[in-house]
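Participant: Dropping the structure in here first, questions after.
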Amino acid sequence: MAADGPQRLFVAVAVPPGAVEACREVSEAVRASALGHEARWVRTENLHLTIRFLGDTPHDLVPDVGLAVVDAAARVGPFHVELAGAGAFPDGRHPRTLWLGVERGNDGLIALVDALEAPLEGLGWPPDGRARRPHLTVARTDATRGEVSHAIADALAAAASGWRAGFEVTALTLFRSRLGGGPPRYEPLVEARLGA
């Protein structure tokens with residue numbers, strides 16, 4: 001990709017190392033099992049709570065998107081996120097995306113989504129009308145047979161029963177996703193402090 005070509009962007013809350021380790025611990029037994037090898041697991045160092053996926057973004061808009069992220073972050077103060085439990089989208093019977101749940105901090109995450117809407121709309125991204133259900137994606141099973149993906153989702157839910165991990169959200173980050181040559185790599189472009 002040329003330096004001035006489109007950049008694949010998303011806005012997210014990065015998960016700090018202590019919470020990343022807790023997520024690794026809860027998913028590791030499932031990931032290492034024969035069943036777990038059927039799923040595509042997110043590299044734990046890439047774990048994040050997506051606020052808005054932007055996709056391919058013209059190079060000349062990237063600075064303006066960065067300013068929108070800074071503006072949105074300034075409108076929301078720091079807050080606590082508590083991760084707990086596990087589930088699947090679209091549902092447990094037909095799982096395609098496996099996730100760890102957000103039990104506390106949903107209001108803060110949704111406030112960040114809301115704070116980004118108007119600035120991004122001004123840059124050409126229409127509002128995202130999908131239902132908002134904050135979650136931490138840990139694996140995808142979309143290429144897996146139904147009964148196998150169902151069993152993987154059940155195993156993750158069992159592993160996460162009673163599990164919890166918390167962290168303070170103090171920043172919002174604009175990431176560039178680099179694809180090709182292995183798993184995706186996420187490069188932070190702008191990190192904006194909340195409430196600044």
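The values are calculated or read from the model by the stated rules, or taken from the named source; none is laboratory data. What you are looking at is a predicted structure, and each value in this text was computed from that prediction instead of being measured. Methodologically, a virtual Cβ is constructed for each residue, glycine included, from the backbone with ideal geometry; neighbour enumeration extends over all protein chains shown. Please note that ligands, DNA and RNA were not included when accessible areas were found on the heavy atoms of the full protein model with its side chains. Shrake-Rupley method; radii C 1.70, N 1.55, O 1.52, S 1.80 Å.
Participant: Take residue 83 and tell me if it is under 29 Å from residue 119 (Cβ atoms), at pLDDT 95 or above and in contact with a Cys (Cβ under 9 Å, 6 or more places away or on another chain).
Facilitator: Yes.
Participant: Quick one: residue 31 ticks every box in (1) at pLDDT 95 or above; (2) open to solvent by less than 70 Å² (accessible area, probe 1.4 Å); (3) assigned to a helix (DSSP H, G or I); (4) charged (D, E, K, R) except a single one, so which number is it?
Facilitator: Single failed check for residue 31: (1).
Participant: Starting from residues that are touching a residue at least 24 places away in the same chain (Cβ under 8 Å) and in a loop (DSSP other than H, G, I, E, B), keep the ones in the range 34-54 and report whichever is nearest to residue 154 (Cα to Cα).
Facilitator: Only one residue fits best here, namely 35.
Participant: Can you pull out the residues in the range 41-53 that are within 10 Å of the chain's Cα centre (by Cα) and either farther than 15 Å from residue 185 by Cα or open to solvent by 60 Å² or more (accessible area, probe 1.4 Å) (or both)?
Facilitator: Scanning the range 41-53 gives 49, 50, 51, 52, 53.
Participant: Any idea which residue in the range 3-40 is farthest from residue 113 (Cα to Cα), counting only those that are over 19 Å from the mean Cα position of the chain (by Cα) and among the aliphatic types (A, V, I, L, M)?
Facilitator: 34
Participant: Among all residue pairs at least 6 apart or on different chains, which show Cβ distances below 6 Å where the first residue, located in the range 147-165, is in contact (Cβ under 8 Å) with a residue 12 or more places away in the chain and the second is β-branched (Val, Ile, Thr)?
Facilitator: Qualifying pairs under 6 Å: 149/141; 152/141; 155/30; 156/30; 159/26; 159/30; 160/26; 163/26.
Participant: Taking the conditions exactly as written (touching a Lys or Arg at 6+ places or on another chain (Cβ under 9 Å) and modelled with pLDDT of 95 or more), does residue 141 satisfy them or not?
Facilitator: no
Participant: Would it be correct to say that residue 70 is among the β-branched types (Val, Ile, Thr), farther than 18 Å from residue 157 by Cα, in contact (Cβ under 8 Å) with a residue 24 or more places away in the chain and open to solvent by 60 Å² or more (accessible area, probe 1.4 Å)?
Facilitator: yes
Participant: Out of the range 1-20, which residues are surrounded by 13 or more Cβ atoms within 10 Å (Cβ to Cβ) and not in a strand (DSSP E or B)?
Facilitator: Correct list: 6, 15, 16, 19, 20.
Participant: With respect to residue 36, is the statement that it is of a type outside the set (A, V, I, L, M, F, W, C), over 25 Å from residue 168 (Cβ atoms) and at pLDDT below 90 true?
Facilitator: yes
Participant: Still on this structure, I have one more. Here are 157, 111, 86, 139: which of them is assigned to a helix (DSSP H, G or I) and under 30 Å from residue 32 (Cβ atoms)?
Facilitator: 157
Participant: Take residue 76 and decide whether it is open to solvent by less than 40 Å² (accessible area, probe 1.4 Å), in a helix (DSSP H, G or I) and aliphatic (A, V, I, L, M).
Facilitator: no
Participant: Restricting to the range 55-67, and then to whatever is outside any helix (DSSP H, G or I) and open to solvent by 40 Å² or more (accessible area, probe 1.4 Å), can you tell me which residue is farthest from residue 184 (Cα to Cα)?
Facilitator: The residue in question is 58.
Participant: For residues that are open to solvent by less than 70 Å² (accessible area, probe 1.4 Å) and part of a loop (DSSP other than H, G, I, E, B), scanning just the range 114-126, find the one that is nearest to residue 81 (Cα to Cα).
Facilitator: Once the filter is applied, the top-ranked residue is 125.
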